[in-house]
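What follows is calculated from the coordinates using simple rules that are stated; it is not laboratory data. Model, not experiment: these values are computed from the prediction. Don't worry about glycine lacking a Cβ; one is built from the backbone with ideal geometry, like all the others, and counts go over all protein chains shown.
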Amino acid sequence: MVYSPPQTAQTQTAPDSTHHQRAQFSTLIELLQHRAKTQPNDLAYQFLVDGKREGAAYTYAELDQWARAIAALLQQQETKGDRALLLYPQGIEVVAAFCASLYAGVIAIPVPPPDAGRMKRTLPRLREIIKDAAATIVLSNAHIIELIQSSGLDFPEFAAMRWIDTETVDLALAKDWQDPQIDKDVLAYLQYTSGSTSTPKGVMLSHYNLLHHSDYLQRGCGYHPTGPTVTWMPYFHDYGLVEGLIQPLYNGAPCYIMAPLAFVKRPLRWLQAIQKYGATHSQAPNFAYDLCVRH
């Protein structure tokens, strides 16, 4: 569900004019590079620690630099066309890893990070996804990598993969990045079901799928470059990734990210963040609104 303010003459006409501008982009790579060139110092993503305090942030130029640096490292290992699991806590780092995958021509697979208290339940699901997608790379951080590798669970698939801690990548590598020269029909990422009732199933999304869908969301929901987004939806959920994280990049508007747990603990902080940053849009399933009312 999406909240947008009463329409004005400006917000009614702007999406169409922006739509014509966006027609020039055939991939998300082109879109992010355009943002980095035309809005280099504008805030792209900001993480809200505990849903309240301002934490790590990227401008568009910084996001582009991180994406190019990580992608250059992937390109050194000749990974174009490979599939990579994205295993991160909620935050801005997963956005960089997702964009880096696109920049390298690697197919991203956003998946939930393992829960330290439920490793025997969460790791088998990851194993099924790895086998189904033929994934060969894991992009993550040191904490999660150590958590999996020290779990004591014997999964040969994990041992055969390349594990990359993206937080340690040298930003100087950004200058070595080479455009992968992909077109709109190339796969951008695989979206997997939760696997709670059966083996996880994947859906293939191309660059064209995402840009086409984002254009309709922009026009249908009244998104505008001057309207920030606040999101707590998980990045590995299609709603959280597409409308929560990709749509703000498409609009050229700031995105403020909360952890799902921060919302569940204190629903009021979601509403406070919307008020504080003047957000015009946010997203959530019905239970979230019920939770706000009950609290």
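Across region 52-100, the number of residues qualifying as surrounded by fewer than 21 Cβ atoms within 10 Å (Cβ to Cβ) and of a type in the set (Asp, Glu) comes to 4.
Within region 75-108, the set of residues being in contact (Cβ under 8 Å) with a residue 12 or more places away in the chain, part of a loop (DSSP other than H, G, I, E, B) and more than 18 Å from Asp170 (Cβ to Cβ) comprises Lys80, Gly81, Asp82, Leu87, Tyr88, Pro89, Gln90, Gly91, Ile92, Gly105, Val106.
Residues of region 147-161 that are within 12 Å of Lys131 (Cα to Cα) and touching a residue at least 12 places away in the same chain (Cβ under 8 Å): Phe155, Glu157, Phe158, Ala160, Met161. For region 223-276, a residue qualifies if it is aromatic (Phe, Trp, Tyr) and closer than 24 Å to Leu31 by Cα, and the qualifying residues are Tyr223, Trp232, Tyr235, Phe236, Tyr239, Tyr250, Tyr256. Considering every residue within region 102-113, establish whether at least one is in contact with a Cys (Cβ under 7 Å, 6 or more places away or on another chain) and of a type in the set (Gly, Ala, Ser). No: zero hits.
Entry remark, region 242-270: residues being hydrophobic (A, V, I, L, M, F, W, C) and more than 22 Å from the chain's Cα centre (by Cα) number 1 in total.
The set of residues in region 140-197 that are closer than 17 Å to Ile107 by Cβ and of a type in the set (Lys, Arg) comprises Arg162, Lys184.
When region 150-175 is filtered for residues that are loosely packed, with under 12 Cβ neighbours inside 10 Å and not in a loop (DSSP other than H, G, I, E, B), the ones remaining, listed by number, are Pro156, Ala159, Thr168, Ala172, Lys175. Just checking, does region 237-248 include any residue being farther than 30 Å from Thr38 by Cβ, touching a residue at least 60 places away in the same chain (Cβ under 8 Å) and among the aliphatic types (A, V, I, L, M)? For region 237-248, residues farther than 30 Å from Thr38 by Cβ, touching a residue at least 60 places away in the same chain (Cβ under 8 Å) and among the aliphatic types (A, V, I, L, M): absent. Against the definition (among the aromatic types (Phe, Trp, Tyr) and either within 17 Å of the chain's Cα centre (by Cα) or more than 18 Å from Tyr277 (Cβ to Cβ) (or both)), how does Tyr208 come out, yes or no? Here the answer is yes, as Tyr208 does meet what is asked. On the stretch given as region 171-195, residues that are under 23 Å from Val138 (Cβ atoms), of a type in the set (Asp, Glu) and under 20 Å from the mean Cα position of the chain (by Cα) total 0. Residues that are touching a residue at least 24 places away in the same chain (Cβ under 8 Å), of a type outside the set (Gly, Ala, Ser), touching a Gly at 6+ places or on another chain (Cβ under 7 Å) and within 26 Å of Val264 (Cα to Cα): does region 116-132 have at least one? Yes, there is a match, as at least one residue in region 116-132 is touching a residue at least 24 places away in the same chain (Cβ under 8 Å), of a type outside the set (Gly, Ala, Ser), touching a Gly at 6+ places or on another chain (Cβ under 7 Å) and within 26 Å of Val264 (Cα to Cα). Selection of region 36-51 for residues being surrounded by fewer than 23 Cβ atoms within 10 Å (Cβ to Cβ) and either of a type in the set (Phe, Trp, Tyr) or more than 14 Å from the chain's Cα centre (by Cα) (or both) yields Ala36, Lys37, Thr38, Gln39, Pro40, Asn41, Asp42, Leu43, Phe47, Val49, Asp50.
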